[in-house]
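Just below is one structure, and these are the notes that go with it.
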Amino acid sequence: MSHKREVMIYTRYERFWHWSQAVLVFTLFFTGLAIHGTHDLVPFGLAVKIHTNAALLLIALWVFTTFWNFTTGQWRQYLFKKGVFRVIRFYAWGILFGEPHPYKKSLQRKQNALQSLAYMTFMTLIGPALWSTGIAYLLYNSWSHYAWSGTGIWAVALLHTAAAFAMGAFVVVHVYMTTTGKTPLHYVRTMVTGYDSIELTEVEEAYIEETKSTEMR
C-alpha cells in the first residue's frame, strides 16, 4: 500500500546548480547576441567581458557538478530509461486529452525517460561543444600563427554559434515543459522549495522517518 507525501527530492545543491546555471545561460545567450550584433543593448567590449566571465563560471559549475553527480551517485538519474516513446506520445497527444502521465516520479527516478534523454544529450553533446569551441575561441592568439587559423576560427565560431542555438532551443523547450505540471507553476515551485508530492510505500516512508535521509512533510 502506498500514499502520497511531500518529500524533498531536490537537494539544496541541485537547486543552487539549476538556478545558477539558468542565470549564467541566459546571460551568455543575451551577451552572445550582442557580440553577434543582433542587438546593441550592451556595448560590444562589455558584452565580450561579461560573456567570457559567465562562460568561465559556467564551466567551473559544470565541472564541480559533474564531480558532485558521480560522488553522490546522482549520475544514475541521467541513464537512459525505457518508455521514452510513451512519454513523447503523452506530450504530443495524450496531454491534450487529459490522459494520465505514463511516468510516476519517485525518489529513485526523479526524471522520466524523455527528461533523462534530453539532459544526457545536453551534458554529453551540447555542453562539451560549447566548452571546447569557447575555449578554442579564447585561446585563438596561441594558434593564430598557423596557416589554417583563418578557416579554423571560422569553423570554431560556426560550431559555437550552432551549439549556442541548440542550447537556446533546449531552454525554450525546458521552460515550456515547466508549465505542463498540475498547475503552470507546479514544477517551478518544486525546484524552488525542493519538495514534490510522490507516492511512498509504507516501507519507504518508514525508512525515511528512521534514517532522516531526506526531509518529508
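Which of the residues spanning segment 14-27 are at pLDDT below 95 and either over 14 Å from the mean Cα position of the chain (by Cα) or closer than 18 Å to residue 207 by Cα (or both)? Those that are at pLDDT below 95 and either over 14 Å from the mean Cα position of the chain (by Cα) or closer than 18 Å to residue 207 by Cα (or both): none in segment 14-27. Taken over segment 1-39, the criterion of being part of a loop (DSSP other than H, G, I, E, B) and either of a type outside the set (A, V, I, L, M, F, W, C) or open to solvent by less than 60 Å² (accessible area, probe 1.4 Å) (or both) is satisfied by 9, 10, 11, 36, 37, 38, 39. When 156, 188, 203 are screened for being without any contact (Cβ under 8 Å) to a residue 24 or more places away in the chain, in contact with a Phe, Trp or Tyr (Cβ under 7 Å, 6 or more places away or on another chain) and not polar (S, T, N, Q), only 156 passes.
Please indicate, with yes or no, whether at least one residue in segment 195-213 is modelled with pLDDT of 90 or more and within 18 Å of the chain's Cα centre (by Cα). No: zero hits. Say whether the condition of being under 22 Å from residue 62 (Cα atoms) and more than 19 Å from the chain's Cα centre (by Cα) is met by at least one residue in segment 120-128. Within segment 120-128 (the criterion being under 22 Å from residue 62 (Cα atoms) and more than 19 Å from the chain's Cα centre (by Cα)), the answer is no, since none of the residues qualifies. Against the conditions (1) open to solvent by less than 70 Å² (accessible area, probe 1.4 Å); (2) at pLDDT 85 or above; (3) of a type in the set (D, E, K, R), residue 81 satisfies every one except (2). For residue 146, the conditions (1) under 14 Å from the mean Cα position of the chain (by Cα); (2) at pLDDT 90 or above; (3) of a type outside the set (Asp, Glu) all hold with the exception of (1).
Considering segment 92-114, the residues that are touching a His at 6+ places or on another chain (Cβ under 9 Å) and surrounded by 14 or more Cβ atoms within 10 Å (Cβ to Cβ) include one that is farthest from residue 178 (Cα to Cα), namely 94. Selection of first residues in segment 42-68 that are more than 27 Å from residue 124 (Cβ to Cβ) and of second residues that are of a type in the set (Gly, Ala, Ser), restricted to Cβ pairs under 6 Å at least 6 apart or on distinct chains, gives the following pairs, ordered by first then second residue: 42/34; 47/34.
Give the residue that is surrounded by the fewest Cβ atoms within 10 Å (Cβ to Cβ), with candidates limited to residues of segment 136-154 that are touching a helix residue (DSSP H, G or I) at 6+ places or on another chain (Cβ under 9 Å) and small (Gly, Ala, Ser).
144
It is to be established whether one or more residues within segment 40-48 are in a helix (DSSP H, G or I), aliphatic (A, V, I, L, M) and surrounded by 12 or more Cβ atoms within 10 Å (Cβ to Cβ). Yes, that holds for at least one residue.
Looking across 72, 52, one residue alone is open to solvent by 30 Å² or more (accessible area, probe 1.4 Å), among the hydroxyl-bearing types (Ser, Thr, Tyr) and farther than 18 Å from residue 11 by Cα. It is 52. Inclusion of residue 133 among residues that are open to solvent by less than 70 Å² (accessible area, probe 1.4 Å), touching a residue at least 60 places away in the same chain (Cβ under 8 Å) and over 26 Å from residue 88 (Cβ atoms) is not warranted.
Could you check, for segment 191-213, whether at least one of its residues is open to solvent by 50 Å² or more (accessible area, probe 1.4 Å), under 21 Å from residue 17 (Cα atoms) and in a helix (DSSP H, G or I)? Checking segment 191-213: at least one residue is open to solvent by 50 Å² or more (accessible area, probe 1.4 Å), under 21 Å from residue 17 (Cα atoms) and in a helix (DSSP H, G or I).
The values are calculated or read from the model by the stated rules, or taken from the named source; none is laboratory data. Everything quoted here is computed from the prediction, not taken from an experiment. Counting neighbours? That spans all protein chains shown, and the Cβs are built from the backbone with ideal geometry, glycine included. Accessible surface areas use protein heavy atoms only, side chains included; no ligands, DNA or RNA. Shrake-Rupley method; radii C 1.70, N 1.55, O 1.52, S 1.80 Å.
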